[in-house]
Amino acid sequence: MELGYRIRNAVLSVVCVLIAGTLGYHLIEKWDFMDSLYMTVITLTTVGYGEVHPLVRAESRIFTMVLILGGMGVIFYALGTLARGLVEGELREIIGRKKVEKAIHSLSAHCIVCGFGRIGRSIAQELSKAKVIFVVIEKDPEALHELEELGYLGLSGDATSEEVLKEAGVAKAKALISVASTDADNLYITLTAKSLNPNIQVIARAAEAAAERKLAWAGADRVVSPYRMSGQRMANLLLRPTVVEFIESSLSDPSVELIMEEVHLPAKGDFVGQDILSSGLRKDYGLIVVAIKRKGGGLVVNPAAGETLQPEDVLIALGKREEFARLSQRIAPAKRPYA
């Protein structure tokens, strides 16, 4: 039986004893309900205030003895259940926290999500679908409970705290997404994360335009303004709805066969030094390369078939989901930035 049910049953047992005692005195001694309830309470608690009315009937005295013996047993049972519930709850919390700490300690090259509000929930959902290992830092108990129910790794604490970021494994993490409630918190999280791990990729949320510049100065690799992006998306839905629908479905809809994906080439190995045509990306995998991001940051849009693939290029391509999966097995050493 669940602990909650045991506690509920214990409380109901005490209530039933009080009702039974009140009705017993009312029916036997013909007292009013308030006097009957009062007599029941002082009998069960043994406070010794004295009887409300003299117990002149033998039936009343027998009933009182039964009430004391039975009622005290129920009360002791209820108190024991409540005490055990408190102890079990604390132990469960401690054990659960230790398990989470152990799991986080074993992580490396993972992603840290700071904040589990509306945006944080959406981020966690997408990362989970992509099978990215991540841990969420959140201080709200209700949000932490939701994290646990969803099966996500959640760490209780303030993400602006250096110690909490260390507990989340920031030194070994590959990426951090900061979606705290205020720009000031996101700025502080970015500064702290970069000071603890200069190589970590930081994506931060900014509500104000001024905060975007400050977050970039603080070291954020990407700064996202949800309001600006929402405005752009709504305008594009009006101006070019089919394009928006195609891009969004190719990025996030698992039922769509044709998707847009990144292919990260290794520093050396397959495809490096070959042109797009001879690489077989189109012939063997059915992929259409629509752009190439060079290691230095340059972007080649709509590359020609003779474009040479360079070390650590990131190819933006269209193709079938299963073909991307097959290709990833061939170039497995080239990981995503967050993986």
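No value in this document is a laboratory result; all are computed from the given coordinates. If you're wondering where the values come from, they're calculated on a predicted model, not measured in any experiment. For neighbour counting, all protein chains shown are included, and Cβ atoms are generated from backbone atoms with ideal geometry for every residue, glycine included.
Listed values, structure above:
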| read-out | value |
| --- | --- |
| Rounded if a/c under 1.5, otherwise prolate or oblate - the range 225-335, Cα gyration tensor axes | prolate |
| Gained length - residue 35 relative to residue 221, 0.36 nm times residue gap less alpha-carbon distance | 59.6 nm |
| Cross-link reach list, aspartates and glutamates versus residue 295, counting only Cα pairs under 12 Å and skipping chain neighbours closer than eight places | 312, 313 |
| Entry for Cα Rg over 2.2 N^0.38 Å (calculated from the structure that is shown) out of (1) 0.96; (2) 1.11; (3) 1.61 | (3) |
| Where GluC sites (Glu not before Pro) fall in DSSP loop in the range 165-274, at most 16 other Cβ within 10 Å | 208, 257 |
| Computed lengthening from residue 301 to residue 139, 0.36 nm per intervening residue step minus Cα-Cα distance | 54.0 nm |
| Environment charge at residue 234 (Cβ cut-off 14 Å; Lys +1, Arg +1, Asp -1, Glu -1) | +1 |
| Estimated FRET transfer efficiency when R0 is 30 angstrom, pair residue 239-residue 294 (beta carbons, to 0.05) | 0.50 |
| Candidate lysines for bridging to residue 166, where Cα separation is under 28 Å - those fewer than 8 sequence places away on the same chain excluded | 98, 99, 102, 129, 131, 139, 174, 194, 214, 335 |
| Per DSSP, loop trypsin sites (Lys or Arg not before Pro) in the range 116-162 with at most 10 further Cβ within 10 Å | 131 |
| Potential extension, residue 61-residue 229 segment - 0.36 nm per residue separation minus Cα distance | 52.7 nm |
